[in-house]
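Trainee: Dropping the structure in here first, questions after.
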Amino acid sequence: MAASLRVPVGGPVVALCEGSADAAFLEALRHRRVLGAFDVPFPPNSPQPKGEEPLFGIDGFVNMLRELARQARLDPTLKERLRGVVIVADAGDSIAATLRKVRKSCKDAGFGVPSNASEWTPSPPPHPPVAVLFAPESGAGGLETLCLNYLRPKHPAVSACLDVFLACVPPLRRSREKQDKAALEHDRTDLSRGDSGAVRDLIQAAGWVGGRQVMARPYSSD
């Protein structure tokens, strides 16, 4: 069964992410024209039938890439429109370990295998080039870490209370990514409702500069 895409793939760049919160954040950047033109087709809008390969999560990137390749075979014009695929992954507890997983997904799907983050890697024909971005770009964490890096200095009293709470939950103490997801769980969407200036400030303050550079400059072999 064909995937129920979040949006049609129109190109020139497709951004693949792990979940619906990541997709909402990227779509907010797209709508406010903070980054270049790109589509966020996954995860699907509707629940996947039981037994289908997942199109979400770190282990779902290989299936997303394969689905893009399948759709390009069905629609030859897509191959002409699509100039690049950007994989946006949570850094997790180790960027090096996450990069190994992403590289394996790219290799297994027949796409280019990035050696480093924030740079384009050509793929074997007929696939488009690939780039991988981490949120955050350095250190452990995830998309929520980007948001918290921006919010904490603005709300120091709330940050202090959060730190006390997180320190009392042993499973969270072992994972920065889980800590930040828990801290932001109560209202993930506030930032996506902000104006474009606030979103630009968030990207700059959080250090997600590579994301802006890669998205704004699709791959060129020149």
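Trainee: I'd like the Karplus ³J(HN,Hα) series for the range 14-21: coefficients 6.51, -1.76, 1.60, θ = phi - 60°, whole numbers in Hz, and an x wherever there's a Gly or Pro.
Mentor: Residue by residue, the range 14-21 yields 10, 9, 9, 9, 7, x, 5, 5 Hz.
Trainee: Mind checking the alpha-carbon convex hull of the range 64-158 and giving the volume per residue in Å³?
Mentor: 111
Trainee: While we're looking at this one, here's another question. Quote to one decimal, in nm, the extra length available between Ala167 and Arg100 on full extension: 0.36 nm per residue of separation minus the C-alpha distance between them.
Mentor: Stretched fully, the Ala167-Arg100 segment lengthens by 21.1 nm.
Trainee: Same structure, new question: In the structure displayed, which of Lys79/Lys181; Lys79/Lys178; Lys50/Lys104; Lys104/Lys178; Lys101/Lys154 lie more than 27 Å apart, Cα to Cα?
Mentor: Among Lys79/Lys181; Lys79/Lys178; Lys50/Lys104; Lys104/Lys178; Lys101/Lys154, the Cα-Cα distance tops 27 Å for Lys79/Lys181; Lys79/Lys178; Lys101/Lys154.
Trainee: Arg73: net charge of surrounding residues, Cβ under 15 Å, Lys/Arg +1, Asp/Glu -1, itself excluded?
Mentor: After counting each charged neighbour, the total is +1.
Here, each number is a calculation from the coordinates, and none is a lab measurement. Quick caveat: nothing in here was measured; it's all calculated off a predicted structure. Backbone-built Cβ (ideal geometry, glycine too); neighbour counts: all protein chains shown.
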